[in-house]
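I have placed the structure first, in the form of structure tokens, so that the comments after it can refer back to it.
No lab work stands behind these numbers, since they all come straight from the coordinates. Given the structure is predicted, the values throughout are model-derived calculations rather than measurements. FYI the Cβ positions are ideal-geometry reconstructions off the backbone, even for glycines, and counts take in every protein chain you see.
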């Protein structure tokens with residue numbers, strides 16, 4: 001019903017057409033979003049179960065940044081440092097002979113420590129190999145057995161971690177079984193390293209182990225000073241000791257011998273000494289306790 005003031009034939013409001021350029025912008029945005037989702041999916045597919053992907057990138061960048069464009073870099077590798085800070089630049093040389101002299105010069109500064117002095121050449125692959133060998137050698141004990149965890153998904157230089165160092169093979173076998181039973185990560189293996197660097201490297205490289213490659217490595221890793229502390233000597237447990245000493249002597253009282261005195265000395269945990277003296281004129285017992293939970297009984 002129309003109002004008196006409005007004409008009865010009033011037309012409906014006109015809706016203007018939308019700008020077609022807006023439709024293009026929306027379409028482009030959808031395309032960009034779709035491409036981004038595809039790239040994210042491909043990245044997830046590429047990474048898979050490797051949750052150390054970012055660490056792997058950092059480790060590769062660290063080795064790459066320490067690889068010289070020319071000549072040779074002398075570096076210190078410390079497996080105990082976090083990823084991205086394991087390699088420290090020490091010096092540079094234009095030829096291998098000078099690099100070896102610099103390496104010998106810096107090596108005494110790291111004797112007995114975790115770091116190992118290495119030579120890097122212009123090849124990233126060679127330098128990565130040197131880090132891999134040096135990491136295994138750092139875990140190789142001078143004696144005894146080193147139980148280590150090997151994370152197959154971690155980057156080179158951060159794959160091994162020491163668990164315990166045993167002097168005897170039996171103890172190492174027990175510790176290895178104990179760590180293996182407690183391990184829930186399928187990407188981690190529990191290994192037992194011996195003083196043989198080659199045997200330990202075979203456990204890590206498997207079928208990729210090549211003795212020629214090891215011997216031709218620029219750093220001659222197997223000839224470097226060992227970095228693991230030898231296992232301590234097995235503790236010696238002594239059985240309880242009990243000693244009893246009997247001393248019989250004659251005593252003289254008032255110028256004549258009137259009896260005998262027997263001294264019993266017993267040592268067993270808390271030591272008590274009881275002294276008893278029998279004579280015609282006296283009969284007494286004396287007990288004395290000493291400090292430090294040790295008593296001496298003289299009797």
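Computed values, structure above
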| item | result |
| --- | --- |
| q = 0.25, 0.26 Å⁻¹, the stretch 58-125: log10 I(q)/I(0) [Debye, one scatterer per Cα] | -1.10, -1.15 |
| Sorted by Cβ density within 10 Å, fewest first, the residues 159, 178 | 178, 159 |
| Convex hull volume of the stretch 136-223 per residue (C-alpha atoms, cubic angstrom) | 95 |
| Percent of alpha-carbon pairs separated by more than 16 Å within the stretch 137-181 | 40 |
